[in-house]
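Remarks on the structure that follows.
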Amino acid sequence: QVQLVESGGGLVQAGGSLRLSCAASGSTFSLATMGWYRQAPGKQREMVARIGSAGSTNYADSVKGRFTISRDNAKNTVYLQMNSLKPEDTAVYYCHAWYVTMGSHYWGQGTQVTVSS
């Protein structure tokens, strides 16, 4: 069982920045594809950014050029640097771990990000 603990959410003005962190338990973090998803009220959960075990990344079109996902395997942590935040980025952000070869995946409890206009 893998536990994911997010931190770093909060309230920020439009144009500001936040950095989310997600710390994972276990010894196989480096094997996981890690991702950040978000869910706004009344909307479906959507992928924001993902980073593979080899470091390849992909982003939702809505955040390209503003958000950066990174990982530190020595710390079992994945980050999401969010710059130039917009009110439409307001959502609960969830960390996700996908262990492809084991066919298992896990979610964090979520952290609220609120961007005021």
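Side notes on the structure shown:
- Compared with the direct C-alpha span, the chain from residue 68 to residue 28 gains 12.1 nm at full extension, assuming 0.36 nm per residue.
- DSSP beta bridge pairing in the chain, given as percent antiparallel to the nearest 5: 90
- Remark on residue 67: its backbone amide H falls under 5 Å from those of 83, a criterion applied only to residues 5 or more positions apart or on other chains, H modelled at 1.01 Å from N.
- Cα centre as origin, Lys/Arg/Asp/Glu Cβ charges: the chain dipole, Debye: 80
- Karplus-based coupling profile of the stretch 11-17, in residue order and whole Hz: 9, 9, 7, 3, x, x, 10, with θ = phi - 60° in 6.51 cos²θ - 1.76 cosθ + 1.60 and x standing for Gly or Pro.
The numbers here are math on the coordinates, done by the rules we state, and not lab data. What you see is a predicted model; the values in this text were computed from it and never measured. Backbone-built Cβ (ideal geometry, glycine too); neighbour counts: all protein chains shown.
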